[in-house]
There are 2 protein chains.
Amino acid sequence: MNPPLAHIVDDDEAIRDALTWLLRTRNVASRAWSSAEEFLAAWQPDFHGCVVLDIRMREMSGLECFDVLLERGNNMPVIFLTGHGDVPMAVGALKKGAFDFLEKPFDDNALVDVVIRAMESDARRTASQEAQATMSSRLAQLTPREIEVMHLVLTGKFNKVIADELNISMRTVEVHRSRVFEKMGVRSAVELAQLLAPGRD
Amino acid sequence: MNPPLAHIVDDDEAIRDALTWLLRTRNVASRAWSSAEEFLAAWQPDFHGCVVLDIRMREMSGLECFDVLLERGNNMPVIFLTGHGDVPMAVGALKKGAFDFLEKPFDDNALVDVVIRAMESDARRTASQEAQATMSSRLAQLTPREIEVMHLVLTGKFNKVIADELNISMRTVEVHRSRVFEKMGVRSAVELAQLLAPGRD
DNA sequence: TTCCACACTGCGGATGACCACAATTGCTGC
DNA sequence: GCAGCAATTGTGGTCATCCGCAGTGTGGAA
């Protein structure tokens, strides 16, 4: 898996170097890209960390780059940097899901804080996403009939009722139910419900 | 219950009237307040709809008003209007949970759209909140011991195991469990798990 | 003191969940 | 055709759940 990095995307080498240095002094690993195109070309779905994206760049702008990332299903938090941002631009970016939007000149401490919080946020997201991936792969192992039975089990219905609704025997329901538990790695309907429900408590 | 209203808070009477008229033509009920203080004095937890809040006002500013609303646990979406907003102000407001941040002069259609979306959002939130209030009032009826047993039941443990952990007899666990189901209005542990879990499927 | 809510316990029976063993049907791929 | 998977069903038995009936003990409120 790709290690978490702060991906710095800026066509100004001085800024790139300054940010790289700044983050290194705070023990934040980073990688610099000299254009949106370069970053997008290298981008992979399992990139982790965050993106620090300059708005004004020679070719593709930071906002355009952001749109491409959204289309590709990027999950990393994106922090915008801009020298000449206006309010609608900032509002639009945040409403599309940007993590933050900072104006130059920015305070070094503030930027580092934002980057760190973004990377923590990504780490949390990654963790919960992995759990969900495990769930999905398990769900994928279920046959159509098993899924059907599982849904009815999750409504709390008795095997007898489920059998009625599907016009099959109770015994068959028991078998499906048992296989579902086995494949999903649980030992009861309650555990299954907890597993398929988001975190609580 | 208070009906859903677009609460217009602006110390400029011309703006208030214009917005009220604009919203009425689109069949959106609204109420105008001539200052943040006036609105906050009248504000009640069961206000519904949304808030259209001017930033620059003579006494308390829109941002200060927003902070007070947040402290009071306001749930209505807040839409900011401003003539001289800057980027950090907009970013800060959105990150604190504002629904939108519009600069004057704004497009009438755009504003109405935002207001309508905000009120729809509030209607959805209200609905899910009522469901949760029902849950809370039911949970409040449970005795301490019943809550304890309920939590263990929700982990999928057998009554026998629960009895062991609490050093009581199985029969007692059965009684608590039964009372929990009765008070929570469910008929099985699975239904209980579904009820206490956020929406899914 | 009396009443009541809460927690606790035992017994026995009805019902549901789970499982091992055993088997049939139909469809797919080699 | 044969192997393999999915879906189906039955028998018989064990374990868990659920429930009514019956009763004890404690602490707080009337």
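Among the residues making up segment B:16-38, those that are open to solvent by less than 40 Å² (accessible area, probe 1.4 Å) and of a type in the set (S, T, N, Q) are B:T20, B:S30, B:S35. Would you point out which residue out of A:L196, A:L154 is within 7 Å of chain B (Cβ to nearest Cβ) and modelled with pLDDT under 95? Matching residue, one of A:L196, A:L154: A:L196.
So, in segment B:94-115, of the ones that are open to solvent by less than 60 Å² (accessible area, probe 1.4 Å) and more than 14 Å from chain A (Cβ to nearest Cβ), which residue ends up nearest to B:L22 (Cα to Cα)? Filtering first and then ranking leaves B:V112.
Look at segment B:162-177 and say how many of its residues are more than 10 Å from DNA strand C (Cβ to nearest atom) and either closer than 17 Å to B:P144 by Cβ or within 14 Å of chain A (Cβ to nearest Cβ) (or both).
Summing the residues that are more than 10 Å from DNA strand C (Cβ to nearest atom) and either closer than 17 Å to B:P144 by Cβ or within 14 Å of chain A (Cβ to nearest Cβ) (or both) in segment B:162-177 gives 3.
Summed over segment B:72-85, residues that are under 14 Å from A:V87 (Cα atoms) and either more than 12 Å from chain A (Cβ to nearest Cβ) or loosely packed, with under 14 Cβ neighbours inside 10 Å (or both) total 2.
Is it the case that some residue within segment B:135-155 is open to solvent by 60 Å² or more (accessible area, probe 1.4 Å) and near DNA strand D (Cβ under 9 Å from one of its atoms)? No; the residues of segment B:135-155 include none that is open to solvent by 60 Å² or more (accessible area, probe 1.4 Å) and near DNA strand D (Cβ under 9 Å from one of its atoms).
Identify, please: which residue in segment B:162-189 is under 21 Å from A:R187 (Cβ atoms) and more than 10 Å from DNA strand D (Cβ to nearest atom) and is, among those, least open to solvent (accessible area, probe 1.4 Å)? Checked segment B:162-189; the qualifying residue least open to solvent (accessible area, probe 1.4 Å) is B:L166. Might you let me know whether segment B:24-47 holds any residue that is without any contact (Cβ under 8 Å) to a residue 40 or more places away in the chain, within 13 Å of another protein chain (Cβ to nearest Cβ) and within 26 Å of A:V87 (Cα to Cα)? No. Of all residues in segment A:190-201, those being open to solvent by less than 80 Å² (accessible area, probe 1.4 Å) and either free of Cβ contacts under 8 Å to residues at least 12 places away in the same chain or not in a helix (DSSP H, G or I) (or both) number 6.
Just one of the numbered conditions (1) within 14 Å of another protein chain (Cβ to nearest Cβ); (2) in a helix (DSSP H, G or I); (3) basic (K, R) is not true of B:R187: (2). Return yes or no: is B:V115 among the aliphatic types (A, V, I, L, M) and within 16 Å of DNA strand D (Cβ to nearest atom)? So B:V115 fails the test.
Can you say whether A:A118 is in contact with a Gly (Cβ under 9 Å, 6 or more places away or on another chain) and open to solvent by less than 60 Å² (accessible area, probe 1.4 Å), as far as the supplied structure shows? Yes: the conditions hold for A:A118.
The values are calculated or read from the model by the stated rules, or taken from the named source; none is laboratory data. Just so we're clear, the structure is a prediction, and the values are computed from it rather than from any experiment. As a convention, Cβ positions derive from the backbone with ideal geometry for all residues, glycine included, and neighbour counts pool all protein chains shown. These area figures cover heavy atoms from the full protein model, side chains too; ligands, DNA and RNA do not enter into them. Shrake-Rupley method; radii C 1.70, N 1.55, O 1.52, S 1.80 Å.
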